[in-house]
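Asker: First the structure, then my questions, so here it is.
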Amino acid sequence: MPPAESVPAHDTSTRNPGIDLLRGLAIVLVVFNHIGLRIPLKKTALADVLPTWFLSRLNYNGYEAVFVFFVISGFLIAGNALRRWGSLGQIDMRAFYARRFARIMPCLLMLVAVLSVLHLLAMPDYTIARVGQSLPRAIVAALGLHLNWYEGRTGYLPGNWDVLWSLSIEELFYLGFPLLCLLTRHRAMLVLVLVLLALSMPWTHAALSGNEIWQEKAYLPGMSAIAIGVLGALLAARSRTLPASTTALLGWLGAVGLVATTIDGATMWHLLRDGYMLLLTLSVLCLLLACEQRQRRGDWHPWRAPGWLRSWGRLSYEIYLSHMFVVFAVVRWFKLGGADERWGFLWYLLALPLCWLLGAAVFRWLSSPCERWLGQRLARTRIEPNATRPTTAELPVA
């Protein structure tokens, strides 16, 4: 008989459309952020019809979007582990690490290789030129999961390297996660550790105020968000199917909190200071629990209209790692062509589909076949990348 924390008998093997939608929204905000740093929407003709504060929020929520990814990652990866092994205390370290390696490393190694070649060719936007930085150290930082720390010490790397800061946080967490699960064994002890880590977010974020880059990219605040996702997976595994009204309430609470922290982040910061990131992550957790409950009932027929956004969610990891190639190309074209800044918003319409197409190509020709090939050789059971793929952000950057 499986232990008490095992997953209920309902089928959750299919993709959750609500979670894909949330991931899609997060990755679009990341892309908007990186285009907006170079072509701000508030300087375009859209400012004639929309408030500039709203356009600014569309451009500058990339950091918050990464924390959305962190929570989703913890929720999905812990939930998948519970389904496979029944209890986090029985997690198979070899299989867990094999799945993470198969999912993460092919795209990461290819990205680092391409960026290294572009640096050696002295290509604009890709050359590491800041004093105190070098290509060998950037490679070591990216593959050694401390690129966030490296940037905190030496300054920002070029944009395609910079996106790897969130991967450093996430994968370092998952290096220690199976050990934590096996060492604590008792569910109550594991939950206590995760709760303390989750609630530490406002204090760990505030304590790093002396270094802007390190405050944004430090390990503990990001790991706190992942811990919240893991706690959500444990809660979902033990909970029964809730009434539709309770599920709707969870969804509305999550949506209101998410909108408040992304669209009106300045007000939330004024009210909560560093606690506003905790509100953001708890709001995402409410949405994830509502999505899980909605799928559990088995009668979910998602709207077709946001299907394009769900497709972004399904490709979020690939788009996250590759989108800066499109951003740099589109922005350079925009500036070299002497385009009118007022029509800059039209370049978003060019960049977005190109980002999706590049991400889809990376998935089809690199990450999916490599994940399948590696999974069959590294794990005891076959990995099915098109089923319930644990996605990072799985991701993520600001």
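The values are calculated or read from the model by the stated rules, or taken from the named source; none is laboratory data. Owing to the predicted nature of the structure, the values given are computational and were not obtained by experimental measurement. With ideal geometry, Cβ positions are generated from the backbone for all residues, glycine too; neighbour counts draw on all protein chains shown.
Asker: Can you name the condition, by its number, that Arg130 falls short on among (1) of a type in the set (Lys, Arg); (2) surrounded by fewer than 15 Cβ atoms within 10 Å (Cβ to Cβ); (3) touching a Lys or Arg at 6+ places or on another chain (Cβ under 8 Å)?
Answerer: So Arg130 meets the others, but not (3).
Asker: Any chance region 279-294 includes a residue that's within 20 Å of Phe54 (Cα to Cα) and in contact with a His (Cβ under 8 Å, 6 or more places away or on another chain)?
Answerer: no
Asker: Now a separate question. For region 184-221, what are the residues that are more than 22 Å from Val68 (Cβ to Cβ), out of contact with any Ser or Thr (no Cβ under 8 Å at 6 or more places or on another chain), at pLDDT below 90 and part of a helix (DSSP H, G or I)?
Answerer: Of everything in region 184-221, just one residue is more than 22 Å from Val68 (Cβ to Cβ), out of contact with any Ser or Thr (no Cβ under 8 Å at 6 or more places or on another chain), at pLDDT below 90 and part of a helix (DSSP H, G or I), namely Thr184.
Asker: Given the criterion without any contact (Cβ under 8 Å) to a residue 40 or more places away in the chain and among the acidic types (Asp, Glu), identify the matching residue among Asp340, Asp274. So that I can check it myself, show each step before the final result.
Answerer: Numbers: Asp274 fails: without any contact (Cβ under 8 Å) to a residue 40 or more places away in the chain.
Residue meeting the stated conditions: Asp340.
Asker: Which residues, counting only those in region 96-106, are of a type in the set (A, V, I, L, M, F, W, C) and surrounded by fewer than 19 Cβ atoms within 10 Å (Cβ to Cβ)? Don't jump to the end; show me each part of the working.
Answerer: At the first step, the residues of region 96-106 found to be of a type in the set (A, V, I, L, M, F, W, C) are 96, 98, 101-102, 104-105.
The answer is Phe101, Met105.
Asker: Identify, from the list Ala260, Ala227, Ala188, the residue that is surrounded by fewer than 15 Cβ atoms within 10 Å (Cβ to Cβ) and not polar (S, T, N, Q). Lay out the reasoning, then the answer.
Answerer: Details: Ala260 fails: surrounded by fewer than 15 Cβ atoms within 10 Å (Cβ to Cβ); Ala227 fails: surrounded by fewer than 15 Cβ atoms within 10 Å (Cβ to Cβ).
Exactly one residue qualifies, and that residue is Ala188.
Asker: Every residue in region 149-170 that is crowded, with 21+ Cβ neighbours inside 10 Å and assigned to a helix (DSSP H, G or I), please. Break it down stepwise before answering.
Answerer: In the first step, residues of region 149-170 are kept if they are crowded, with 21+ Cβ neighbours inside 10 Å; the result is 150-151, 157-158, 160-161, 163-170.
Tyr150, Glu151, Asn160, Trp161, Trp165, Ser166, Leu167, Ser168, Ile169, Glu170 - these are the residues of region 149-170 that are crowded, with 21+ Cβ neighbours inside 10 Å and assigned to a helix (DSSP H, G or I).
Asker: Related question: Which numbered condition trips up Ile91, out of (1) farther than 16 Å from Val163 by Cα; (2) surrounded by fewer than 19 Cβ atoms within 10 Å (Cβ to Cβ)?
Answerer: Single failed check for Ile91: (2).
Asker: Tell me yes or no: at least one residue of region 234-250 is in contact with a Ser or Thr (Cβ under 8 Å, 6 or more places away or on another chain), without any contact (Cβ under 8 Å) to a residue 24 or more places away in the chain, on the phi < 0 side of the Ramachandran plot and assigned to a helix (DSSP H, G or I). Give the derivation first.
Answerer: As a first pass, look at region 234-250 and keep what is in contact with a Ser or Thr (Cβ under 8 Å, 6 or more places away or on another chain): 237.
Still in the list and also without any contact (Cβ under 8 Å) to a residue 24 or more places away in the chain: none.
The answer is no; no qualifying residue exists.
Asker: Where residues in region 63-116 are among the β-branched types (Val, Ile, Thr) and either in a helix (DSSP H, G or I) or touching an Asp or Glu at 6+ places or on another chain (Cβ under 6 Å) (or both), which of them is nearest to Val31 (Cα to Cα)? Please lay out each step first, then the result.
Answerer: Pass one, region 63-116, residues among the β-branched types (Val, Ile, Thr): 66, 68, 71-72, 77, 91, 104, 112, 114.
Next, only the ones that are either in a helix (DSSP H, G or I) or touching an Asp or Glu at 6+ places or on another chain (Cβ under 6 Å) (or both) stay: 66, 68, 71-72, 77, 104, 112, 114.
On the way: Val66: 11, Val68: 14, Val71: 19, Ile72: 18, Ile77: 24, Ile104: 20, Val112: 20, Val114: 20 Å.
Result: Val66.
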